[in-house]
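Chemist: Below you will find the structure I want to go over with you.
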Amino acid sequence: MCGIVGYIGKDNAKKVVIDGLAKLEYRGYDSAGIALLDRGNLEIEKIAETEDKKKSKILQLDEMVGDKYKDAKVAIGHTRWATHGAPSVLNAHPHISNDGKVAVVHNGIVENYAELREKLLEKYNIHCKSETDTEVIAQLLSVFCAGGMNPAEAMLEATSMMKGAYAIAAIYEGDETEIVGYRKDAPMIVCHTDEGSFIASDMTAVLKYTKDVYFLEDDEMVICRADSMDIFDRNMNKVQKKAFHVDWSIEAAEKGGYDHFMLKEIHDQPTVLGDTLSRRLTSDGSIKLDGIKLSLEDLNNIDKIYIVACGTAYHAGLIGKHLIEKWAKIPVEVDVASEFRYRDPLVDDRTLFVAVTQSGETLDTLMALREAKSKGARVLSIVNVVGSSIARESDDVFYTWAGPEIAVASTKGYTTQLMCLYLIALHMGLLKGTITDEYAKGIIGELKAVPEKVERLLEKERDIAELAKEIYKKELIFYIGRGLDASVALEGSLKLKEISYINSFAIAAGELKHGTIALMDKDTIVFALATQDELAEKTLSNIVEVAARGAYVVAITKEKNEFFKKESDRVLFIPECFDEVSPLLSIIQLQLIAYFVAKEKGENIDMPRNLAKSVTVE
Ligand code: G6P
């Protein structure tokens, strides 16, 4: 989704902002732009459609601007993920007011923009030029300033008229002293260093300068100056905040020699899974959960758990349901956040709401959390980004410690979410006495062995690359499985869809015969997951059924299940493990399949079309 960067200070503002935008490319965007104050003059450069589709638009924007404005010390920039109006130079940000006095970048949606446009026209005879919702902000700010308000007052006035979600940064012609920022329901971080003050949508844009950042809360405004930075509430009272220290290294957000971030992040998994686990184990091997204060008494007061998330995180939640119900014997419902928030869910103070989210900023998940909280639920979140909105608004936060995830298709984000869910489910089971210490130790032993088993799978990635060459031209690929495998199938299918654009579908293997099997023929590929001992033979029967209709079957099963070779065209083995932990291994094979198929097709793996890493609008 849209990314914002703003800088005011002693360095070359154009360079700082363009570098920052390059770091935000991963969020997903289709056009970009920058506004600078050059000797007080407001200058704007934007880029949308480009000849060279393979080359980064930010790089092309940088080349387009060239050596111009190198003395500018104030700039705001933007990567736009189109919502209102097609990707075009006209619709790209920054937007400038008709009098040329105010430039604005914005992330979010101004829901009542049509009404505000009418007001601008009727009252001030101002016609908006673009199709965007954002332009009204620039026009309103300029109208209020022309009426005598200062930039901060104008921002408060404009935002008092706006409905929706917005993170905004604005600069003014002739005023090289400040950038004014505002946040409501859209992420914004700010920081101040010896080099100056920065505004950004997330911390990856500023990691080069500092690891201490402030998160704006809803309805807070920031005034950034070269030598200071102040945060205010809507009454213009200064807000004192604690900085969040982020221990991500700059290298962690770089490709490190891999062709793509996605491949690098797949290969990060042995390390990050080891970290996520070991930080929560004491020297005697028992579980010690940081960030979660749930006591036995709290658990006894919970009748039901809702796990709510979007996309990949939702798929992690499905595995979490199996684990919590099995080990802690508490009923769990899993829901996608965009559905949960509008269906008046049965939530009260005896509900535990668990949000799972890599970014901690997904708007639907955040709004679902607020809905649950307003009904009295306790909120526990499993989050990767430290200090993100969802982390800050939760009663208990369990960090996944995956490090920055840059590729749009989540890999290490997902597996570390699973690792957290294993630990939380075990913790709940132990507290409630529904599992024994011995049983938990057995599972922990298995979890400890996961990083090394993932390494073993990654060592064989060439085999998957070969398989990808055989299947990348196919147009329909199914993923089937039973039990935990059915949930992993959903994630495997999503990975493929996201980056290879092949039509793919995941279904519980037992459900095939109720309709979907009608689609099977000699052109279909079926990935059949069969890692659950008790269900393996049943899945084998489903393999036989689809093979009989001509489908090409790739089975994924444990090393001991050699007999799958007879009924399948290919078998991908995972190391022996307890059934419960197999998702952490089988998904590695499916991540690699998606990656190598997309690579064979020559797709833009890290930034697939139409997708955004962090979805901060509805
Ligand atoms: C987007 C991303 C997915 C992610 C989903 C939820 O769709 O492309 O990779 O799973 O949002 O994001 P979250 O940050 O809440 O986990």
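The values are calculated or read from the model by the stated rules, or taken from the named source; none is laboratory data. What you see is a predicted model, and the numbers here were worked out from it, not measured in a lab. Cβ: placed from backbone, ideal geometry, glycine included. Neighbour counts: every protein chain shown. Surface areas here come from the heavy atoms of the whole protein model, side chains and all, with no ligands, DNA or RNA. Shrake-Rupley method; radii C 1.70, N 1.55, O 1.52, S 1.80 Å.
Chemist: Counting DSSP beta bridges in the chain, what percent are antiparallel, to the nearest 5? Don't skip to the end; give the middle numbers.
Modeler: Working: 62 of 103 bridges.
Of those bridges, close to 60 percent are antiparallel.
Chemist: What does the helix-only formula give at 222 nm for the chain: each DSSP H stretch with n ≥ 4 adding -39500 (n - 2.57), the total divided by the residues, and the result rounded to the nearest 500 deg cm²/dmol? Mind showing how you got there, number by number?
Modeler: On the way: 18 runs with 225 residues, N = 618.
The helix contribution divided over the chain gives -11500 deg cm²/dmol.
Chemist: When a/c reaches 1.5 or more, the comparison of a/b and b/c decides; with that in mind, is segment 540-590 rounded, prolate or oblate per its Cα gyration tensor?
Modeler: On the way: a/c = 2.31, a/b = 1.96, b/c = 1.18.
Prolate.
Chemist: Right, here's the next one. Using a cut-off of 14 Å between beta-carbons, work out the net charge of the residues near residue 543 (Lys and Arg +1, Asp and Glu -1, residue 543 not included). The partial results should precede the final answer.
Modeler: Values: positive: 482, 513, 538, 549, 565, 566, 570; negative: 485, 537, 545, 567, 569.
Residues close to residue 543 contribute a combined charge of +2.
Chemist: Going highest first, how would you order 464-472, 387-395 by mean Cβ packing within 10 Å?
Modeler: On the way: 464-472: 17.0, 387-395: 21.8.
So the order, starting with the most tightly packed, is 387-395, 464-472.
Chemist: Which order, highest average first, do 535-545, 418-428 follow once you tally other Cβ atoms within 10 Å for each residue and take the mean per peptide? Don't skip to the end; give the middle numbers.
Modeler: Numbers: 535-545: 18.3, 418-428: 25.9.
Descending mean neighbour count gives 418-428, 535-545.
Chemist: Can you tell me what the convex hull of the Cα atoms of the chain projects to on average, as an area in nm²?
Modeler: Values: hull surface 112.2 nm².
The Cα convex hull of the chain, projected and averaged over all directions, gives 28.1 nm².
Chemist: Test of the criteria: in segment 237-296, which GluC sites (Glu not before Pro) are in a DSSP loop and have at most 15 other Cβ atoms within 10 angstrom of their Cβ?
Modeler: On the way: sites: 251, 254, 265; in loops: 254.
In loop regions of segment 237-296 (DSSP not H, G, I, E or B), the sparsely surrounded GluC sites (Glu not before Pro) are 254.
Chemist: Taking only protein heavy atoms into account and a 1.4 Å probe, give the accessible area per residue of the chain in Å². Don't skip to the end; give the middle numbers.
Modeler: Working: 23030 Å² over 618 residues.
I get 37 Å² per residue for the chain.
Chemist: Return the FRET efficiency for the residue pair residue 460, residue 195: r is the Cβ-Cβ distance, R0 is 51 Å, and the value is rounded to the nearest 0.05. Write down the numbers at each step before the final one.
Modeler: Working: r = 46 Å, r/R0 = 0.91.
Efficiency for this residue pair is about 0.65.
Chemist: Loop-only check: which chymotrypsin sites (Phe, Trp or Tyr not before Pro) in segment 294-346 are DSSP coil with at most 16 other Cβ within 10 angstrom? Don't skip to the end; give the middle numbers.
Modeler: Details: sites: 306, 314, 327, 340, 342; in loops: 342.
Hits after loop and neighbour filter: 342.
Chemist: Same structure again: In 10 Å bins starting at zero, report the fraction of Cα pairs in segment 385-463 per bin as a rounded %.
Modeler: 15, 36, 32, 16, 1
Chemist: HN-Hα J couplings of segment 284-301 from phi, Karplus 6.51/-1.76/1.60, θ = phi - 60°, integer Hz, Gly and Pro as x?
Modeler: 3J(HN,Hα) across segment 284-301, in whole Hz: 8, x, 8, 8, 10, 8, 6, x, 10, 9, 4, 9, 4, 4, 4, 5, 5, 8.
Chemist: Still on this structure: Count the lysine pairs in segment 252-335 whose Cα atoms sit under 29 Å apart, keeping only pairs 8 or more residues apart in sequence or on different chains.
Modeler: Lysine pairs meeting both conditions in segment 252-335 amount to 13.
Chemist: From zero outward in steps of 10 Å, how is the percent of C-alpha pairs of segment 489-564 spread across the bins?
Modeler: Here the calculated profile for segment 489-564 is 18, 52, 28, 2.
Chemist: In terms of modelled amide H atoms, which long-range or inter-chain residues lie less than 5 Å from the amide H of residue 38?
Modeler: 43
Chemist: Which peptide among 605-615, 449-459, 485-495 comes first, and what is the full order, when sorted by highest mean count of other Cβ atoms within 10 Å? Mind showing how you got there, number by number?
Modeler: Working: 605-615: 19.8, 449-459: 17.3, 485-495: 25.8.
Top to bottom by mean Cβ count within 10 Å: 485-495, 605-615, 449-459.
Chemist: OK, next. Just to be sure I understand the curve: with the Debye formula and one point per C-alpha of segment 403-519, what is log10 I(q)/I(0) at q = 0.12, 0.13 Å⁻¹?
Modeler: Here the Debye-derived log intensity ratios amount to -0.63, -0.73.
Chemist: Take the eigenvalues of the Cα gyration tensor for segment 262-347, scale each by 5, and report the square roots as semi-axes in whole Å, largest first. Present the calculation step by step, with values, prior to reporting the outcome.
Modeler: Working: eigenvalues 139, 94, 21 Å².
Result for segment 262-347: semi-axes of 26, 22, 10 Å.
Chemist: Under 20 Å Cα-Cα from residue 432, which aspartates and glutamates qualify once same-chain neighbours fewer than 8 residues away are excluded?
Modeler: Qualifying aspartates and glutamates at Cα under 20 Å: 290, 297, 298, 303, 325, 333, 349, 396, 580.
Chemist: Also: Given a 1.4 Å probe and every protein chain left where it sits, what share in percent of the accessible area of segment 57-191 is carbon and sulfur?
Modeler: Roughly 52 percent of what the probe reaches on segment 57-191 is carbon or sulfur.
Chemist: Across the Cα atoms of segment 1-86, what radius of gyration and what greatest pairwise Cα-Cα distance (Dmax) are found, in Å?
Modeler: Using the Cα atoms of segment 1-86, the pair Rg, Dmax is 12.3, 36 Å.
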